[in-house]
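Nothing in this text is a laboratory measurement; each read-out follows from the coordinates by a stated rule. These numbers come from a predicted model, not from an experiment. All Cβ positions, even for glycine, are placed from backbone atoms using ideal geometry, and neighbour counts span all protein chains on display.
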Amino acid sequence: MRTEYYIKTGLVILGAEILFSRILEFGPYGLAIAWAVTPIVILFMYVFGTRFLKMQQKTLVIVVATATSVCGVSAAIAAAAACRAKKYELTLAVGMTLIFTVMMMIVMPLFVKAVGMDELISGAWLGGTIDATGAVVAAGETIGEVAGKAAALVKIIQNMLIGVIAFAIALYWVWFVEGDRHGETPKLGELWVRFPKFILGFVAASLLASFIFIPMMGMDTVKDLLSQTKNYRGWLFCMAFLSIGLESNFRELREQMHGGKPMVLYIVGQTFNILLTFAVVWLMLSGIIFPVPELGG
């Protein structure tokens, strides 16, 4: 079960299918959607968990909040390391994330199709809310090509926050939660340690396809090649979701619920995330205020 490997390899392949010019064009929209919403959701969930739910395990609260607002398992692992969370707290956060990711991956595209939501808007909405990167892409592509690309770009941009958020959590825990100002202070090198390296592969694949392969081989030849790599990408995502299913343990999740508060925290936080993300996505991509970027082709 190598879930992360399958997802990250598939996403690097996906990078070759998205022209770099499209990434640059969509970049400002993705930044506004992902980077504006994510910190707000984390702060909301942390305050809600510690002050309203009165959860004593602050490490559990911040790990669940980070997993919910960024990208699930990877973010949970980074946050847990940053605040030195207990292993069972990480397991609980990951378990809830995986289970709800599968549910959202199925339910949200059905809702999008039922209401006739625009592909670009729906893809960006999925990208900003569904936790796992592979699930985001799979859900987006069930709606359409544009939705799949928008979902992937928003999630890729959101993933870039992992290192920054993990570093911020480490600083906050050392200086405020643990109250040890004389202890070991996290170094800037932690940003690189936490940074999801597959994003560099995604961008590199896009650069190679855009500026080397297309000029040398022509667009039609490159499209033929990409149609083959797309099959490999599809199988990689299939393997990823098989692994997710094998890793999900409902019995362990039930035993670690602590009175149901972690579940309440996740549901309330994810609901807030879904609503806020949709509001920002509509504001950025409806065409009423800003021009609509082109992702097709």
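Remarks
- Taking a quarter of the surface of the Cα convex hull of the chain gives a mean projected area of 15.8 nm².
- When shorter helices are ignored and each DSSP H run of at least 4 residues is given -39500 (n - 2.57), the per-residue value for the chain at 222 nm works out to -25000 deg cm²/dmol.
- Pairs beyond 21 Å (Cα-Cα), from 155/197; 8/230; 54/261; 8/87; 8/86; 58/86: 8/87; 8/86
- In sequence order, segment 113-121 has phi-based couplings of 5, 5, 8, x, 5, 4, 4, 5, 5 Hz under the Karplus curve 6.51 cos²θ - 1.76 cosθ + 1.60, θ = phi - 60°, and Gly or Pro positions carry x.
- Degrees between helix 20-47 axis and first principal axis of the chain (Cα, 0 to 90, nearest 10): 20 degrees
- If R0 equals 25 Å, the separation of the Cβ atoms of residue 203 and residue 88 corresponds to a calculated FRET efficiency of about 0.10.
- In terms of other Cβ atoms within 10 Å, 242, 226, 236 run from fewest to most in the order 242, 226, 236.
- Pairwise centroid distance, computed over Cα atoms, of segment 1-75 with segment 93-118, Å: 15 Å
- Computed from backbone phi, the HN-Hα couplings of segment 210-227 come to 6, 10, 10, 5, 5, x, 7, 10, x, 4, 5, 5, 5, 5, 5, 5, 5, 5 Hz, rounded to whole numbers (Karplus: 6.51 cos²θ - 1.76 cosθ + 1.60, θ = phi - 60°; Gly and Pro given as x).
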